[in-house]
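The values are calculated or read from the model by the stated rules, or taken from the named source; none is laboratory data. Nothing here was measured: the structure is a model prediction, and the numbers come from that model. Here the Cβ positions follow ideal geometry from the backbone for every residue, glycine too, while neighbour counts run over all protein chains shown. SASA here: full protein model, heavy atoms, side chains in, ligands and nucleic acids out. Shrake-Rupley method; radii C 1.70, N 1.55, O 1.52, S 1.80 Å.
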Amino acid sequence: MRAEYREEPCRNALNRVRGMPFAWSLNPYMGCAHRCTFCYVRAFEARADRPWDDRYGSSIRVKTNVAEVLRRELARRSWQHEPVAVGAATDPYQPAEGRYRLTRACIEAFADAASPFSIITRGPLVVRDVDVLAEAACRAEVSVTFSVPTLDHEIWRRTEPGTAPPRQRLRVLRMLIDAGIDAGVGIAPVLPGLSDRPELLADVVRAARDAGATGVWCNVLYLQPGTREHFMEHLARDWPELVPSYLALYRRPYPDRATTDPVKSSVAALTKRFAIADRRARPLVPRAAAEQLALAI
């Protein structure tokens with residue numbers, strides 16, 4: 001499917017977020033060409049009466065002025081330098097970034113303002129920006145998370161049709177680690193009955209360790225209306241034998257703890273087994289922290 005790109009300016013770059021582990025988010029694009037069957041953003045699109053089914057990802061809004069707006073917002077006296085999550089509702093390194101370079105421009109804005117941020121992506125294109133990420137990480141806390149739900153080829157191919165292969169993401173993670181950048185792996189979403197098999201989870205954690213990941217976390221599939229209908233349609237096509245169990249598990253958007261706790265416990269045990277830790281030879285020190293250290297010495 002070819003995507004249409006709509007170049008539209010934005011009024012705001014930073015978005016206040018509630019009910020999430022972060023207070024602010026930034027999305028240089030709206031819509032995502034990766035078209036993952038489980039994407040939770042489909043639920044937001046359904047509530048906004050925008051296409052959330054197979055049409056999602058066919059039209060990408062490009063916020064042409066997002067970096068300029070971000071610079072103004074970061075320069076406000078009221079800005080408290082709170083961490084910003086980049087890519088919470090779109091992948092900031094989807095194919096459009098190769099042309100528009102908006103994510104790179106936003107990183108430069110964060111660096112100039114010495115303001116912390118994190119990036120979550122499935123896009124190996126992030127390696128292009130290792131220079132500006134390193135510069136930003138010398139001034140504030142910066143981290144990159146690669147979403148790697150599974151290494152299983154068949155599950156990846158059927159559920160993440162527009163993404164780069166998972167092992168390619170891990171090769172790029174290694175490049176970021178070698179540049180001194182904090183980079184980890186998010187095993188998300190874990191799909192019950194598919195990618196939650198112990199050997200598949202172990203494969204991801206082991207590969208993350210081999211790539212030098214500074215940390216690993218996981219989360220189980222979340223199905224709100226919009227996402228649920230689309231995912232279940234594809235599940236019925238690709239793994240019809242699992243439909244009854246999913247209907248039983250997902251009476252609500254999130255399965256009960258009897259389903260989620262064992263997965264999280266398993267990943268936690270695997271991170272200990274494979275000794276996941278920050279082993280960067282020379283971790284970059286944010287400028288503020290370096291100045292404090294100098295004063296202490």
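Those residues that are more than 22 Å from residue 174 (Cβ to Cβ), out of contact with any strand residue (DSSP E or B) (no Cβ under 9 Å at 6 or more places or on another chain) and not charged (D, E, K, R), I need them from segment 96-139; list them, please.
Within segment 96-139, 105, 109, 113, 114 meet the criteria.
With respect to residue 180, is the statement that it is surrounded by fewer than 16 Cβ atoms within 10 Å (Cβ to Cβ), of a type in the set (Gly, Ala, Ser) and more than 17 Å from the chain's Cα centre (by Cα) true? If you could, list the steps in order and put the result at the bottom.
Numbers: surrounded by fewer than 16 Cβ atoms within 10 Å (Cβ to Cβ): no; of a type in the set (Gly, Ala, Ser): yes; more than 17 Å from the chain's Cα centre (by Cα): yes.
When the stated conditions are applied, residue 180 does not pass them.
Please list, ordered by residue number, the strands (runs of 3 or more DSSP E) wholly in segment 2-46 having 2 or more residues that are free of Cβ contacts under 8 Å to residues at least 60 places away in the same chain, out of contact with any helix residue (DSSP H, G or I) (no Cβ under 8 Å at 6 or more places or on another chain) and not polar (S, T, N, Q).
Hits in segment 2-46: 4-7.
How many residues, within segment 43-70, are crowded, with 16+ Cβ neighbours inside 10 Å, over 19 Å from residue 106 (Cβ atoms) and at pLDDT 75 or above?
Total satisfying the criteria: 1.
Provide a single number: the residues in segment 201-249 that are open to solvent by less than 10 Å² (accessible area, probe 1.4 Å), outside any loop (DSSP other than H, G, I, E, B) and over 22 Å from residue 166 (Cβ atoms).
1
Are any residues in segment 98-136 assigned to a helix (DSSP H, G or I) and open to solvent by less than 10 Å² (accessible area, probe 1.4 Å), and if so, which ones?
Within segment 98-136, 103, 106, 107, 109, 110, 111, 126, 129, 133, 136 meet the criteria.
For a quick check of your reading of the model, give me the residue pairs whose first member lies in segment 231-260 and is within 22 Å of residue 56 (Cβ to Cβ), whose second is of a type in the set (Gly, Ala, Ser) and open to solvent by 40 Å² or more (accessible area, probe 1.4 Å), with beta-carbon atoms closer than 8 Å and at least 6 apart or on different chains.
If the second residue must be of a type in the set (Gly, Ala, Ser) and open to solvent by 40 Å² or more (accessible area, probe 1.4 Å), the pairs left are 239/193; 243/236; 246/193.
Could you say which residue among 143, 147 is modelled with pLDDT of 95 or more, under 16 Å from residue 38 (Cα atoms), open to solvent by less than 40 Å² (accessible area, probe 1.4 Å) and of a type in the set (Ser, Thr, Tyr)? Break it down stepwise before answering.
Details: 143 fails: under 16 Å from residue 38 (Cα atoms).
Sole residue among the options that is modelled with pLDDT of 95 or more, under 16 Å from residue 38 (Cα atoms), open to solvent by less than 40 Å² (accessible area, probe 1.4 Å) and of a type in the set (Ser, Thr, Tyr): 147.
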